[in-house]
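Taking it in order: structure first as structure tokens, then the write-up.
The values are calculated or read from the model by the stated rules, or taken from the named source; none is laboratory data. Note that the structure is predicted; figures quoted are calculated from it, not measured. Cβ placement follows ideal geometry from the backbone for every residue including glycine, while neighbour counts extend to all protein chains displayed. The protein model used for the area step is the full one, side chains on, heavy atoms only, and it has no ligands, DNA or RNA in it. Shrake-Rupley method; radii C 1.70, N 1.55, O 1.52, S 1.80 Å.
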Amino acid sequence: SLARNQGSGSCLTMKIILIAALAEDGAIGKGNALLWHISGDMKFFRKTTLGFPVIMGYNTWLSLGRPLKGRKNIVVSKCPLHEEGIVVVPSLEEALREALVPMSDEHAPDQVFVIGGAKTYDRAIGIADELLITEVRAVVDGADAYFPKIEPSIWQLASATEYSEDEENGIRYRFVRYTRR
């Protein structure tokens, strides 16, 4: 977790959480797009990240095409982007510092979500506190972006739901939470 000092000497910490939906082989994307549309996963993502800062790489920003409402959108990019509703920083470290700055006068966030893509996950997994993974019972031909390997020596399964089935496409999925050992 990331910590910063408050003026009075107290310290705030912020939990770093990676959130992703993975195919059985760890695939997360193809051609800079999601591999599937699972309504239950989209609702879970929105409910879980709402009100918190989200960190994403440049390609993830391009695939979204707009800021996610109700969240501080932080894009890690060396390219200057002049879009309303996002903060652009050159590194993951800068993104984490930016995430500590409250969106309003209410409170400093106690968690930040890294939402992709593959390079950003690779950079962040070494300092993450938690992984929120949607395990999707599917393999997609031609996938070109993958989540880093979840090493059992580092990550322990904290919780898992039963599998659900998406009503539109029949894809089976479940939500899994890993915590650092």
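Would you please list the contacts, defined by Cβ atoms under 6 Å and residues six or more apart or on different chains, that run from a residue in segment 83-97 that is touching a residue at least 24 places away in the same chain (Cβ under 8 Å) to a residue that is of a type in the set (D, E, K, R)?
Listed by first residue and then by second, the contacts come to 92/123.
Hey, could you check segment 108-139 for residues that are part of a loop (DSSP other than H, G, I, E, B) and β-branched (Val, Ile, Thr) and say which is farthest from residue 77 (Cα to Cα)?
The selected residue is 139.
When residue 37 is evaluated against the numbered criteria (1) in contact (Cβ under 8 Å) with a residue 60 or more places away in the chain; (2) closer than 22 Å to residue 14 by Cβ; (3) open to solvent by 70 Å² or more (accessible area, probe 1.4 Å); (4) outside any helix (DSSP H, G or I), which criterion, by number, is the only one it fails?
Failed condition: (2).
When you look at residue 111, is it closer than 17 Å to residue 17 by Cβ and exposed (fewer than 13 other Cβ atoms within 10 Å of the Cβ), yes or no?
The answer is no for residue 111.
Restricting the search to segment 15-33, which residues are part of a loop (DSSP other than H, G, I, E, B) and surrounded by fewer than 18 Cβ atoms within 10 Å (Cβ to Cβ)?
24, 25, 26, 31, 32
Considering only segment 121-128, I want to know if a residue exists there that is open to solvent by less than 70 Å² (accessible area, probe 1.4 Å) and farther than 14 Å from residue 17 by Cα.
Scanning segment 121-128 turns up no residue that is open to solvent by less than 70 Å² (accessible area, probe 1.4 Å) and farther than 14 Å from residue 17 by Cα.
Search segment 72-107 for residues being at pLDDT 95 or above and in a loop (DSSP other than H, G, I, E, B), and hand back the single one that is nearest to residue 13 (Cα to Cα).
72
Within segment 151-181, work out how many residues are touching a residue at least 60 places away in the same chain (Cβ under 8 Å) and in a loop (DSSP other than H, G, I, E, B).
So the first thing to find is which residues in segment 151-181 are touching a residue at least 60 places away in the same chain (Cβ under 8 Å), and the list is 164, 166-169, 171, 173, 175.
Now restrict to residues that are in a loop (DSSP other than H, G, I, E, B): 166-169, 171.
Going through segment 151-181 one residue at a time, the tally reaches 5.
Within segment 42-57, which residues are of a type outside the set (Val, Ile, Thr) and surrounded by fewer than 20 Cβ atoms within 10 Å (Cβ to Cβ)?
The answer is 42, 43, 44, 46, 47, 50, 51, 52.
Among the residues of segment 151-168, is there at least one that is in contact with a strand residue (DSSP E or B) (Cβ under 7 Å, 6 or more places away or on another chain) and under 13 Å from residue 21 (Cα atoms)?
The answer is no; no qualifying residue exists.
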